Amino acid sequence: MRVKICGITRPEDARKAEELGADAIGVVLFSDSPRSVTPLRAREIFDAVGPFTSTVAVTNTRSREELDQIIAIHPDAIQIFHPFIFEKAPGPGIIRAIGPREPFPDDCSAIIVEESHGKGKLVDLSYAKKVVQLSKVPVILAGGLNPGNVAEAIKSVRPYAVDVATGVETSLGIKDPSKMRAFIQESRSA
């Protein structure tokens with residue numbers, strides 16, 4: 001099982017996530033989230049990991065200028081909550097975030113089933129399972145996951161990957177190494 005640790009706000013948390021075996025790290029930009037960082041800080045966080053750990057810029061921007069700033073820091077993928085229309089492929093992969101009552105996007109390399117937006121609300125597993133069954137692209141499961149519930153969620157939904165933010169924090173935006181380790185172990189054992 002692939003694992004993304006999201007809402008990273010410090011380079012040391014990114015390094016630790018990578019050391020513990022995370023496949024990807026996520027950094028929030030141009031958002032009202034308290035985990036949102038500047039493009040400069042995002043670049044510092046991305047530079048803290050090696051070339052085999054994927055970097056994901058998470059945003060809900062509606063601004064082309066802000067999207068261009070995100071593209072300029074060269075993430076491996078952009079996870080976007082707003083149905084932004086891309087005139088041409090921006091270079092990195094596009095991960096579209098969806099929740100119930102939202103249409104399936106057809107202009108992305110993956111879908112993330114996530115309606116919590118970093119608030120720790122558990123995702124609707126029956127909806128997520130339906131998305132996995134119907135999707136033509138990989139599906140990532142997020143929202144309210146933690147070391148105590150991720151294995152059961154994986155067994156129920158069978159996603160391509162899982163994504164966690166609040167479920168591995170000691171405080172807002174600060175990751176707990178023991179929680180990250182437990183989350184990664186539980187994900188892989190499922």
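If you keep only loop residues by DSSP, which GluC sites (Glu not before Pro) in the stretch 17-96 have at most 15 other Cβ atoms within 10 Å of their Cβ?
Qualifying residues, ordered by number: Glu87.
Whole-Hz ³J(HN,Hα) for each residue in the stretch 14-30, computed from phi via Karplus 6.51 cos²θ - 1.76 cosθ + 1.60 with θ = phi - 60°, x for glycine and proline: what do you get?
Once θ is set to phi - 60°, the couplings for the stretch 14-30 become 5, 4, 5, 4, 4, 4, 7, x, 4, 7, 8, 10, x, 10, 8, 9, 6 Hz.
Would you grab the residues whose amide H sits under 5 Å from the one on Glu115? Only those 5+ places off in sequence or on another chain, please, with H modelled 1.01 Å from N.
It is none; the list stays empty.
When the chain is treated as a GNM, springs tying every alpha-carbon pair under 10 Å, which of Ile174, Ile95, Ile111 comes out with the largest mean-square fluctuation?
Among Ile174, Ile95, Ile111, the largest GNM mean-square fluctuation belongs to Ile174.
Let me know the volume per residue of the alpha-carbon convex hull for the stretch 126-190, in Å³.
Values: hull volume 5.1 nm³, N = 65.
Normalising the Cα hull of the stretch 126-190 by residue number yields 78 Å³.
Would you mind checking Lys16/Lys129; Lys155/Lys179; Lys4/Lys129; Lys16/Lys130 for any pair whose Cα atoms are more than 29 angstrom apart? Display every interim value, and only then the final one.
Working: Lys16/Lys129 31 Å; Lys155/Lys179 20 Å; Lys4/Lys129 19 Å; Lys16/Lys130 34 Å.
In this structure, Lys16/Lys129; Lys16/Lys130 lie more than 29 Å apart at Cα.
Using a Cα-Cα cut-off of under 14 Å, which aspartates and glutamates could be cross-linked to Lys175, ignoring same-chain neighbours fewer than 8 residues away?
In chain and number order, the partners are Glu12, Asp13, Glu18, Glu19, Asp163.
As a test of the definition: which semi-axes, in Å, follow for the chain when you take the square root of five times each eigenvalue of its alpha carbon gyration tensor? Largest first, please. Please report the intermediate quantities before stating the final value.
On the way: eigenvalues 100, 89, 38 Å².
Its equivalent ellipsoid spans semi-axes of 22, 21, 14 Å.
Bear in mind that the values in this text are calculations on the coordinates, not laboratory data. This structure is a prediction, so every number in the text was calculated from the model and none was measured. Cβ atoms come from the backbone with ideal geometry, glycine included; neighbour counts cover every protein chain shown.
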